[in-house]
Structures are given as C-alpha cells and as structure tokens.
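Student: Once you've had a glance at the structure underneath, I'll fire off some questions.
The values are calculated or read from the model by the stated rules, or taken from the named source; none is laboratory data. Since the model is a prediction, treat every value here as computed from it, not as a measurement. In this analysis, Cβ positions are derived from the backbone assuming ideal geometry, glycine residues included, and neighbour counts consider all displayed protein chains. Quick note on the areas: whole protein, heavy atoms, side chains included, nothing else; ligands and nucleic acids left out. Shrake-Rupley method; radii C 1.70, N 1.55, O 1.52, S 1.80 Å.
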Amino acid sequence: MANAGMVGLDWQQRINWDRLRKYRLERARARMKAAGLGAMLLMYDENVRYVTSTLTPGWNRLKPGLRYAMLCGDDAPVLFEQGDIGMQIERHSPWIPKDHVRWSYAWIKGAAGPASLAQVKKFTNAIKQEMKKANVGGMKLGVDFIDINMLKVFGEERIEWTDGMTPMMEARAVKNEDEQEALRMVGAIGDAAHWEFMKFLQPGRTENQLTAHIMQYLYSVPGMEDVEDVIVSSGPNTWPNWRNFSDRIVKPGDIVFMDLAALTWNGYKSCYYRTYCAGKEPTSEQKEIYATALKWLYDSIKAVKVGTTTREIASKWPSAKEAWGYAEEDQAAANLWGHGLGLAQYDQPVISRIWSLDHPIEIKEGMVFALETQHGKKFEWGVRIEEMLIVHKDRIEIISNFPVEQITVVDPIPGYSTLAGR
C-alpha cells in the first residue's frame, strides 16, 4: 500500500487494525504452545502491547509490574492495569473482555521496600488464579521478566517458570501485512523528519537545538506516541559515535548526523541515520570514508533474502581489527549493526559480527529490520548511515527513502575552506 495515509477512512482500506490485533495475539499463542508453556506472564511494554493491543503511557514505561498481562491457554488475554485505569481500558479496548481486566499488584522494582514481598505474594496468587481458570494450572509459566522477590515467592508457591521472552521474540519477528504498512508509515515519517532536519541545520545552531526542533516536529504527527531519542552529533562527537547530543555549536564545515532512534507511531518504531555536512562541501577524504561505509551497508543489504542467515549478512562487514585496529569485536559493538524493528527497537534479528557468525538466525519472510554502518577519524569526524527494510518472499523493500548515495550538503558556500589542510 506504501502508506496511503495515517487515519482510518470508510472509502479506502488502509491498515486493518482488527486483523493486526488478531494476528499478533494468535501468533503469540502459537509460539507459547510450541514452547510447551501453559501460560505467559508478560511485563515488558512491547509484549503487553503485542498481546493486548493496549497502550503503555510514557510515565509507565520501563517499570515492569506497574501493568502486565497474562496469556493462558486458549483464553483471551488478561490485563492487569494500574489502579482503576482499567475502567478506561473497558471504554477504549473492547477486544479485551471486561471480566479480563484486573488491577495490578505492583512493588515498583522494590521501591515499595519492606512491602515488596507482600505485594509479590498477592501478584503470585493472582497469577495462579488465572492459570487455574484457564485450566492450565500446574503447567509451565513463561515469564519475560524476573526479579529477586519473584524468585523467592515463585519458589515458595512451586510455580514452574521458564523463559517466556524467547517465544515472544519469535512471535514478534515476523510481521503481517498490517504491521508492515505501519512500519512503512514509520519510514515515511522518518523521511519527512530528515527533510525537516536538512532545512533547519545550519552553522551556529547547537546539537540540542537541532534535537529539540525535530522532537517538536515529530510530536506534531498524528499517531505519534513517543520519541525515545533523537541523536544529533557533530564534529568530534561523531567519531567515536557517542550516540547522544550536547550543547556543542555546529561550526561551518562540520559533519553532522541525525538518528531517529525509536520514533514510535502506533507502537511501531524506527531507527534511521543520515549524515550531513553544514555550510561546505565535504573533503575528498570525508567522501571516501562515506563511500566505504555506504559500500559496507549495501553489501550487507544485498545479502538479505529469505532463507539466508544473519551470518551471511554480518560476514559482509570487515572485522573490528580490519576496520579500526580493535582487539576484539565487542570493542566495536553497534558500529556495524542490524536489528529488528517493531513494537520494540530490538526485535529479532539482531545482527553483529560479535555473535551472528557463530550463532546465526534464519531470515524469514515478513521480518523488518534496520542495517547501519559507520566509519570515521578519531575525535575529528565520522559518518553513519542506516536503512530500514522489509523482507518479502522474492525481494527486499527499503522503507527509508531520504537520499543516501552521498553526504547531504546543507547550504554550501562556494569556495569556502578550499585551502589545503582545511
């Protein structure tokens, strides 16, 4: 569909959200059963969203246990919402049966102090009750999060728990047509944001001013839920890439890059780097370094196809020693990198020479992921570029469409800094 539009209409089929909800729920259930689990306890935001199609508000994110969900056997999911917020779930999310909306028993990662253990006992009793109702009591429980209090009480209550994150990762890895369209929309928003960045970038502005401008721009987009990070780095901050922003002033001729790190539209996330040069043409050396990073990127993209593995993709990149003289691959973590995109910024597959060469994962139709490469001169300048793509049965679809063939030059001044050594 190539992003027909953002809102629902009566005259045009766009994203079919009902079909998307059903696909995600049944895919999670299938992977749960394949793993031999009777139920799954889901506390991470992306897993709760995948199974229940409910929103975790910003203040609630990264706080496992404030809200959580269970999927038990063949029953509808059960949502444990904080306090009386469940009444709003009943209004807004009719696909969750009203009698499957509960209040949560939270201990806020231990912030409840001495009360934490008592809260976890209530939490555990509720889990046992739900499993009993669904006729899966006594079966294995998959969990995606565990803490010291849970370990103690689960042991006392003889709950046989095991890994529930792997089945959820496997479920989330393959996107249906509606999820793919949502991610095309994410790509289109990213294209627009990079265009806006190109227009706003100029010498004299600071990294944080540039970040703030793009943040404001993104939050004006309908359906935008969150912008986890906008990374704007310039000059010596670009290599090694510290993946942050500061109050550094962009100077004429600086290399600048911007990454849309997890803009979140209807739950689906981006990762999307482009490299710019402010006020002048990049040097021949900078162009050569960029061409090298671009070759690394597109060599790896050309290796992507259904049935291949992450080993074949990662092997297209040089080793950390070859590229930068590093002692081991972990020293170059995320320099040459790939990662799945979906309701989390790191769905499967995650691609790196650190592990993909020895522990490959098969590439499947419907996977959506980003590939990114970088290169540079220490404490002087660096480049980073990234493409987002969808894997189809017989082709690869790139969904990041801002120009990438060369460094994007912003408002060059003819003849500026052409002297040798500048």
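Student: List the lysines whose Cα lies under 19 Å from the Cα of K295, skipping any in the same chain that are fewer than 8 positions away.
Tutor: Once the sequence-local lysines are set aside, what remains near K295 is K287, K305, K316, K321, K377.
Student: Another question, then. Would you mind giving the average projected area, over all directions, of the Cα convex hull of region 363-411 in nm² with one decimal?
Tutor: 4.8
Student: Under 12 Å from the Cβ of E181, count the other residues' Cβ atoms, weight Lys and Arg +1, Asp and Glu -1, and hand me the total.
Tutor: Computed value for this residue: 0.
Student: Further, regarding this structure: Would you kindly work out the equivalent ellipsoid of region 82-135 from its C-alpha gyration tensor and give its semi-axes, the square roots of five times the eigenvalues, largest first in whole Å?
Tutor: 24, 16, 6
Student: Which of G164, G342, G223 ends up with the largest GNM mean-square fluctuation for the chain, with Cα atoms connected below 10 Å?
Tutor: Per the Cα network of the chain with a 10 Å cutoff, G223 tops the list.
Student: Over region 213-316, what portion of Cα pair distances is larger than 22 Å, expressed as a whole percent?
Tutor: 48
Student: Under a point spin-label approximation (7 Å from Cα along Cα-to-Cβ), what is the N208-A76 distance to one decimal in nm?
Tutor: Distance between label points: 4.8 nm.
Student: Name the residue farthest towards the positive end of the dipole of region 276-422 from the options A344, L357, P403, assuming +1 on Cβ of Lys and Arg, -1 on Cβ of Asp and Glu, about the Cα centre.
Tutor: Positive-end residue among those listed: P403.
Student: With N set to the number of residues, divide the alpha-carbon radius of gyration of region 46-142 by 2.2 N^0.38 Å and report two decimals.
Tutor: Computed over Cα atoms of region 46-142, the ratio equals 1.06.
Student: Using Cα-only point scatterers and the Debye equation, what is log10 of I(q)/I(0) for region 124-267 at each q in 0.12, 0.21 Å⁻¹, rounded to two decimals?
Tutor: -0.71, -1.17
Student: Compute the separation of the alpha-carbon centres of region 347-419 and region 32-103 and state it in Å as a whole number.
Tutor: Region 347-419 and region 32-103 have Cα centres spaced 35 Å from each other.
Student: Under a Cβ-Cβ cut-off of 10 Å, what is the net charge of the residues other than N60 that fall near it, where Lys and Arg count +1 and Asp and Glu count -1?
Tutor: Result for the neighbourhood of N60: +1.
Student: With each run of n ≥ 4 DSSP H residues scored as -39500 (n - 2.57), what mean residue ellipticity at 222 nm is computed for the chain after dividing by its residue count and rounding to the nearest 500 deg cm²/dmol?
Tutor: Value at 222 nm, helices only, nearest 500: -10000 deg cm²/dmol.
Student: From the Cα gyration tensor of region 114-186, with a ≥ b ≥ c the square roots of its eigenvalues, which class applies: rounded if a/c is under 1.5, or else prolate if a/b is larger than b/c, or else oblate?
Tutor: It is prolate, given that a/c is not under 1.5 and a/b is the larger ratio.
Student: Right, here's the next one. Of the candidates N47, N335, N149, which one comes out as most mobile in a Gaussian network treatment of the chain with C-alpha springs shorter than 10 Å?
Tutor: Largest GNM mean-square fluctuation: N149.
Student: Run through every distinct alpha carbon pair of the chain and return the Kirkwood hydrodynamic radius in angstroms, one decimal place.
Tutor: 23.2
Student: Spin-label point model (7 Å from Cα, Cβ direction): what's the K251 to K287 distance in nm?
Tutor: Distance between label points: 2.3 nm.
Student: At most 13 other Cβ atoms within 10 Å and a DSSP loop assignment: could you name the GluC sites (Glu not before Pro) in region 344-402 that fit?
Tutor: E380
Student: Would you mind computing, in nm to one decimal, how far apart the modelled labels at A192 and W355 are, each placed 7 Å from Cα along Cα→Cβ?
Tutor: 3.6
Student: Could I ask something else about it? So, with a 1.4 angstrom probe, what is the percent of accessible area on the chain that is carbon and sulfur?
Tutor: Percent of accessible area from carbon and sulfur atoms in the chain: 52.
Student: Using the Karplus curve 6.51 cos²θ - 1.76 cosθ + 1.60 with θ = phi - 60°, work out ³J(HN,Hα) for each residue of region 62-78 in order, rounded to whole Hz, and write x for Gly and Pro.
Tutor: Each residue's phi maps through the Karplus curve to give 6, 10, x, x, 5, 9, 7, 9, 10, 10, 10, x, 9, 6, 5, x, 10 Hz.
Student: Determine the sum of side-chain charges near Y217: Lys and Arg each +1, Asp and Glu each -1, restricted to other residues whose C-beta is under 11 angstrom from that of Y217.
Tutor: Surrounding charge for Y217 is 0.
Student: Still on this structure, please answer the following. For region 179-242, just say rounded, prolate or oblate: build the C-alpha gyration tensor, square-root its eigenvalues into a ≥ b ≥ c, call rounded for a/c under 1.5, and beyond that prolate if a/b exceeds b/c, oblate if not.
Tutor: prolate
Student: Under the √(5λ) rule applied to the eigenvalues of the Cα gyration tensor, what semi-axes describe the equivalent ellipsoid of region 260-369? Give them in Å, descending.
Tutor: Over the Cα atoms of region 260-369, the semi-axes work out to 25, 20, 13 Å.
Student: How much accessible area per residue does the chain have, in Å², with a 1.4 Å probe?
Tutor: Solvent-accessible surface per residue comes out at 44 Å².
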